[in-house]
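A.B. asks: Quick one: this structure, given as structure tokens, is what I'll be asking you about.
Laboratory data are not the source of any read-out in this text; all were calculated from the coordinates shown. Values in this document were obtained by computation on a predicted structure and should not be read as measured data. Please note: Cβ atoms are built from the backbone with ideal geometry, for glycine as well, and neighbour counts cover all protein chains shown.
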Amino acid sequence: MTHEPTPRSQSIEKSWRNLDWASVFAAIIYPMLGVLGVIGAIIAGLAFEGLTLRWWYFPLALGVGGATLVICNFGVGVLHRVWQHKAGTLRWPAQVLTMFNYVIAMQGQLKDWVNYHSQHHRLSDRPGDPHNPAEGPIWAWIGWLLFRDQNDLKRPLAMWLRDVKTVRFLDNNYYVLTFLTHLVAPAVVYLIVWLTGGSLLLAFLLHATAVTARGVQFHATTLGVNVFGHMKTPAWAQWTLALLTGGEAIHAHHHEFPRSALHLPRKGLINRLVDYNGTLLLIFRKLRFARDLEIAPIFAGRAAARAA
């Protein structure tokens, strides 16, 4: 008789001393700073005569936010489908691009990402699944990130990734790369804008919008995949979450064909726009940045009909 593991939400201590502060910052503090930054930029532009808030700042900010969300999804999606599930192989240009997109998305060390997700597939929706929605939607959404089992964090990089130099570089330097990307690079941009006489208000608004969009992508993924991806979800909600996650929230199909590089049928403009993480992999293949992509026999609407 096999013994089922204790549910993670019960076995892991939930206290202030056990908080994973890197996750608290990435999931809560940093997105809140982004939202406050957007609100502060608008208020400052309206309240102070020395600052000019032009109408075209807003569509530009929306464009930057949308681009940031897509870039973050490219990092998470390509990692998930290729480095996690071995849906193909990447050459170094695609590896480097994925690495930087992943850092922009602030996903933590890749060894932990892969190990947690491997446990999820092995024990999906059962005790031991790191984000089992049966243990509560809040736990599956964010609780499992904030409170960690230290034994999980001690697990080494997955065997199939140890020979990928880009992955090893990413894991060994993740926090340095994050510091450079999210603090040093924006500071350099602000300095250039100031030296060239540009609008610091505009720079700040665009920066805050990008930070906010990264937070939207972060939570759309954890909610869309870990919670709604394992529930009966209305089709409109599933497609909205799929669009916000680059196709990752099309989760019923993914569990059926985890090694597929695509989550929606290859043909169809809507499919390729919604499942844009898969579309990027098809582009990589055209550019010879990716090869040996596995594509499952997906039938249009099957995953949506099953979840509806």
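A.B. asks: State all residues of the range 72-102 that are of a type in the set (A, V, I, L, M, F, W, C) and surrounded by fewer than 20 Cβ atoms within 10 Å (Cβ to Cβ); if no residue qualifies, say none.
C.D. replies: Residues satisfying the conditions are W92, V96, L97, F100.
A.B. asks: Quick one: would you say F58 is without any contact (Cβ under 8 Å) to a residue 40 or more places away in the chain, within 23 Å of I104 (Cα to Cα), among the hydrophobic types (A, V, I, L, M, F, W, C) and surrounded by 11 or more Cβ atoms within 10 Å (Cβ to Cβ)? Even if it seems obvious, please write down each step before you answer.
C.D. replies: On the way: without any contact (Cβ under 8 Å) to a residue 40 or more places away in the chain: yes; within 23 Å of I104 (Cα to Cα): yes; among the hydrophobic types (A, V, I, L, M, F, W, C): yes; surrounded by 11 or more Cβ atoms within 10 Å (Cβ to Cβ): yes.
Yes: the conditions hold for F58.
A.B. asks: Another question, then. Quick one: is A105 crowded, with 19+ Cβ neighbours inside 10 Å and under 13 Å from the mean Cα position of the chain (by Cα)?
C.D. replies: Numbers: crowded, with 19+ Cβ neighbours inside 10 Å: yes; under 13 Å from the mean Cα position of the chain (by Cα): yes.
So A105 fits the description; yes.
A.B. asks: Would you confirm whether or not the range 175-198 contains a residue that is aromatic (F, W, Y) and under 23 Å from the mean Cα position of the chain (by Cα)?
C.D. replies: So far as the range 175-198 goes, yes, one or more of its residues are aromatic (F, W, Y) and under 23 Å from the mean Cα position of the chain (by Cα).
A.B. asks: If only one of A235, A261 is touching an Asp or Glu at 6+ places or on another chain (Cβ under 9 Å) and touching a residue at least 60 places away in the same chain (Cβ under 8 Å), which one is it? Show your work before the answer.
C.D. replies: On the way: A235 fails: touching an Asp or Glu at 6+ places or on another chain (Cβ under 9 Å).
Going through A235, A261 in turn, just one is touching an Asp or Glu at 6+ places or on another chain (Cβ under 9 Å) and touching a residue at least 60 places away in the same chain (Cβ under 8 Å): A261.
A.B. asks: Being within 18 Å of H85 (Cβ to Cβ) and among the basic types (K, R) is the filter here, so list the residues in the range 159-174 that pass it.
C.D. replies: Answer for the range 159-174, where residues must be within 18 Å of H85 (Cβ to Cβ) and among the basic types (K, R): just R162.
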